[in-house]
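Q: Pasting in a structure now, in structure tokens, and then I'll have a few things to ask.
Nothing in this text is a laboratory measurement; each read-out follows from the coordinates by a stated rule. Just so you know, these numbers come straight off a predicted model, no measurement behind them. A quick note on method: Cβ atoms are made from the backbone with ideal geometry, for glycine too, and the neighbour counts reach across all protein chains shown.
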Amino acid sequence: MCFFHINKTILHEPEENGILNFETLDRFNSLDSTYSCSSRIYISLIARKQLFKEINWGANIATNSHEEGGLLIGKPYFDSYEKFYYSIVTSIIPAVVKEDSINEKKYGFDSWQAMLNKLDIYNKNKTIANKEYVVGWYHTHKGNRSVYMSEKDMDMQKMFPLQWQFGIVLNPQKQAWKAFNGKKAYECQGFVLK
């Protein structure tokens with residue numbers, strides 16, 4: 001895949017920001033765990049609604065019986081007070097793939113290019129200060145599978161190596177998700193904003 005090369009053209013230096021004061025929806029935050037990194041991901045209310053609708057959160061139906069995935073769009077930041085990176089997801093771009101099996105989807109060049117073209121359209125009339133960026137990717141595990149980074153997921157995550165880039169794994173049937181950060185996919189905190 002050529003996504004890392006494509007991604008280089010849209011890299012963005014995180015904005016510096018001070019103390020965070022976000023209200024989150026505790027019932028939707030990522031699963032409790034011992035976190036091995038300080039980076040954090042925040043999902044806006046609008047992005048949560050888009051994402052949960054796309055993956056049929058809380059349902060066990062045919063449309064979410066196979067893996068779904070796509071890009072997380074938003075803005076990266078650096079908390080200058082506590083010294084950590086975070087991103088706020090404001091939207092998603094679902095992947096459209098031609099080839100998938102019962103257990104996984106395969107994201108080829110055409111799929112990545114289509115998602116990046118949608119991002120270009122999304123940003124077309126925005127000023128540089130208001131442009132949004134690929135801050136990560138998401139995908140689902142179906143049925144009784146837990147939310148973790150499989151070996152194939154780890155390979156995908158390597159295309160998102162920066163401290164403000166994330167991968168999130170969701171299981172819509174179990175209503176559970178976890179967030180991972182950087183090319184080694186360290187588990188990190190994930191929050192849903194009110």
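Q: Based on the mean of other Cβ atoms within 10 Å per residue, sort peptides 38-50, 180-192, 115-127, 138-150 so the most packed one is first.
A: On the way: 38-50: 19.9, 180-192: 21.5, 115-127: 12.9, 138-150: 17.2.
Most protected by this proxy first, the peptides run 180-192, 38-50, 138-150, 115-127.
Q: Quick one: how many lysine pairs in segment 106-194 have C-alpha atoms under 16 angstrom apart, if they're 8 or more apart or on different chains?
A: Value for segment 106-194: 12.
Q: Residues with amide H under 5 Å of residue 137's amide H, sequence separation 5 or more or different chain, H placed in the peptide plane at 1.01 Å from N; which?
A: Placed amide hydrogens put 72, 166, 167, 168 under 5 Å from residue 137.
Q: Please work out the FRET efficiency for the pair residue 194 and residue 146, using the Cβ-Cβ distance as r and a Förster radius of 30 Å; give the result to the nearest 0.05. Write out the running numbers ahead of the final one.
A: Working: r = 27 Å, r/R0 = 0.91.
After rounding to 0.05, the efficiency reads 0.65.
Q: Stretch residue 29-residue 128 to full length: gain in nm at 0.36 nm per residue minus the Cα-Cα span? All intermediate terms of the calculation are to be shown ahead of the outcome.
A: Working: separation 99, 0.36 × 99 = 35.64 nm, distance 3.05 nm.
Going from the current span to full extension adds 32.6 nm.
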